[in-house]
Amino acid sequence: MLTCPDCAAEVSDAASACPACGKPMGRGGPVHTLLRIVGLLFGIPSLIFLALVLYWRMTELLLYGFVAVLLSAAVFYIGESRARAARRR
């Protein structure tokens, strides 16, 4: 549940506008959606890469696998946190 910033009424997460005052509730813009998609599209292959590196015991590539996973998690988190902040406004 979200709180409407104009009238302080409780609004469902799925609602597109406040039922009490009609203020549109933002969902996050296209940039936030793009960041989440890039985070997922980069994150899944990087997890597979890391699993293969661990399986083949290629220790020289281990650091690259961890960096790829952390980078994709950071991109996804930034997109998700900005989308949440946009919904609260």
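The values are calculated or read from the model by the stated rules, or taken from the named source; none is laboratory data. Keep in mind it's a predicted model, so treat the numbers as computed, not measured. Ideal geometry is used to build each Cβ from the backbone, glycine not excepted, and the neighbour counts take in all protein chains shown.
Exactly one residue among Tyr64, Tyr55 is surrounded by 13 or more Cβ atoms within 10 Å (Cβ to Cβ) and either modelled with pLDDT of 90 or more or under 25 Å from Phe76 (Cα atoms) (or both), and that residue is Tyr64.
Quick one: which residue in Ala73, Ala86, Ala68 is farther than 30 Å from Met1 by Cα and either touching a Ser or Thr at 6+ places or on another chain (Cβ under 9 Å) or touching a residue at least 24 places away in the same chain (Cβ under 8 Å) (or both)?
Testing whether each residue is farther than 30 Å from Met1 by Cα and either touching a Ser or Thr at 6+ places or on another chain (Cβ under 9 Å) or touching a residue at least 24 places away in the same chain (Cβ under 8 Å) (or both) leaves just Ala68.
Leu63 fulfils the conditions (1) touching a helix residue (DSSP H, G or I) at 6+ places or on another chain (Cβ under 8 Å); (2) in a helix (DSSP H, G or I) except for a single criterion, (1). For segment 38-60, the tally of residues that are assigned to a helix (DSSP H, G or I) and more than 13 Å from the chain's Cα centre (by Cα) stands at 15.
Could you grab me the full set of residues in segment 8-18 that are exposed (fewer than 13 other Cβ atoms within 10 Å of the Cβ) and in a loop (DSSP other than H, G, I, E, B)?
Just the residues of segment 8-18 that are exposed (fewer than 13 other Cβ atoms within 10 Å of the Cβ), to begin with: 8, 10, 12-14, 16-17.
Selection gives Ala8, Ser12, Asp13, Ala14, Ser16.
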